[in-house]
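Working notes, structure below.
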Amino acid sequence: MLCFGLQFEELVYKVKLEQKGGCWGSTWTCKEKTILNGITGVVCPGEILAMLGPSGSGKTTLLTALGGRLNGKLSGKITYNGQPFSGAMKRRTGFVAQDDVLYPHLTVTETLVFTALLRLPNSLCRDEKVQHVERVITELGLTRCRSSMIGGPLFRGISGGEKKRVSIGQEMLINPSLLLLDEPTSGLDSTTAQRILNTIKRLASGGRTVVTTIHQPSSRLYYMFDKVVLLSEGCPIYYGPASTALDYFSSVGFSTCVTVNPADLLLDLANGNGQ
């Protein structure tokens, strides 16, 4: 597998907002809103970069930009092994959205085989694509539920954690060098979230570069990250190793005298609630 290092420098993203003005709303004014404001960072193969911040801070926008999926005017520089984004890089990038988009009446195996037939190159025969599926099922620990239907609102299927692993499996079929995940633990209990992050950690240890947004991780999850970007209203207020974030904020006057989940303290600071 080809390993990719990811670097982004001074990313700025603005959108135009049209507003009605005048007494009767007959005139329109155009204002610009900054969504990302000067964000810089580096992620090396084998590392997990976590993006933290309150809702609306720009986490998903930044993740979308790093995946080459952002429309509109983005300034700054994003490079992959020193090269700009290209079609070849896009084929080596896996993107797992926050919401699992899966057919409820298909089994886990059928879902992954269907994805493999669509996404893997025509140079591979059907049997080779099925072999890829078998490897992914084993790697993600889906063997026990491989013949179970996904399920939906009208009938029970596999669990939420298993659905998330299936969504990750759909991206793992292309053996991505860069894996981007949007809040992979959202809506899951702490134990299931731990299993998901253990899976992601294992995928990163194989040489992949992993970037994820995450909402209020437990302290157990927080210490599994290698690096953290903390955003507040689109502005970075911390970038660096996850293990030294509290020391940094203590050095600039924000400290706590009680044992606290580091992620909770960082989110308080991003919300302007630091003491």
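The values are calculated or read from the model by the stated rules, or taken from the named source; none is laboratory data. As the structure is a prediction and not an experimental result, all values here were calculated from the model. Neighbour counts run over all protein chains shown; Cβ positions are idealised from the backbone, glycine included. Just so you know, the surface numbers come from the protein's heavy atoms only, side chains and all, with ligands and any DNA or RNA stripped out. Shrake-Rupley method; radii C 1.70, N 1.55, O 1.52, S 1.80 Å.
Residues that are surrounded by fewer than 17 Cβ atoms within 10 Å (Cβ to Cβ) and in a helix (DSSP H, G or I) were ranked within region 103-127; the one that is nearest to the chain's Cα centre (by Cα) is R119.
Remark: pairs (first residue in region 77-102, within 23 Å of G169 (Cβ to Cβ) and touching a residue at least 12 places away in the same chain (Cβ under 8 Å); second residue among the acidic types (D, E) and assigned to a strand (DSSP E or B); Cβ separation under 9 Å; 6+ apart in sequence or on different chains) = F95/D182; V96/D182; A97/D182; Q98/D182. Checked against (1) in contact with a Ser or Thr (Cβ under 8 Å, 6 or more places away or on another chain); (2) of a type in the set (D, E, K, R); (3) closer than 30 Å to E162 by Cβ, E18 passes all but a single condition, namely (3).
Just to be sure, is L203 modelled with pLDDT of 90 or more, within 30 Å of Y13 (Cβ to Cβ) and open to solvent by less than 10 Å² (accessible area, probe 1.4 Å)? Break it down into steps so the answer makes sense when it comes.
Numbers: modelled with pLDDT of 90 or more: no; within 30 Å of Y13 (Cβ to Cβ): yes; open to solvent by less than 10 Å² (accessible area, probe 1.4 Å): yes.
In short, no.
Filtered by the rule that a residue be at pLDDT below 75 and open to solvent by 70 Å² or more (accessible area, probe 1.4 Å), region 15-28 gives E18, Q19, K20, C23, W24, S26, T27, W28.
With respect to the stated conditions, T192 fails to be buried (at least 18 other Cβ atoms within 10 Å of the Cβ), modelled with pLDDT under 90 and touching a helix residue (DSSP H, G or I) at 6+ places or on another chain (Cβ under 7 Å).
Of everything in region 128-152 that is in contact (Cβ under 8 Å) with a residue 40 or more places away in the chain and not in a helix (DSSP H, G or I), the residue that is surrounded by the fewest Cβ atoms within 10 Å (Cβ to Cβ) is S147. Within region 219-257, the set of residues being among the polar types (S, T, N, Q) and either crowded, with 16+ Cβ neighbours inside 10 Å or under 24 Å from T93 (Cα atoms) (or both) comprises just one member, S232. Note on region 114-127: residues that are closer than 26 Å to L197 by Cα and free of Cβ contacts under 8 Å to residues at least 12 places away in the same chain amount to 1. Residues that are farther than 20 Å from R135 by Cα and charged (D, E, K, R) within region 99-117 comprise D99, D100, listed in sequence order. For region 48-68, which residues satisfy the criterion of being open to solvent by 20 Å² or more (accessible area, probe 1.4 Å), among the small types (G, A, S) and closer than 23 Å to I200 by Cβ? Those that are open to solvent by 20 Å² or more (accessible area, probe 1.4 Å), among the small types (G, A, S) and closer than 23 Å to I200 by Cβ: S55, G68. Of all residues in region 86-102, those satisfying the criterion of being more than 17 Å from the chain's Cα centre (by Cα) and either within 28 Å of I158 (Cβ to Cβ) or hydroxyl-bearing (S, T, Y) (or both) are S86, L102. Counting only residues that are surrounded by 14 or more Cβ atoms within 10 Å (Cβ to Cβ), part of a loop (DSSP other than H, G, I, E, B) and out of contact with any helix residue (DSSP H, G or I) (no Cβ under 6 Å at 6 or more places or on another chain), region 69-96 holds 3 of them.
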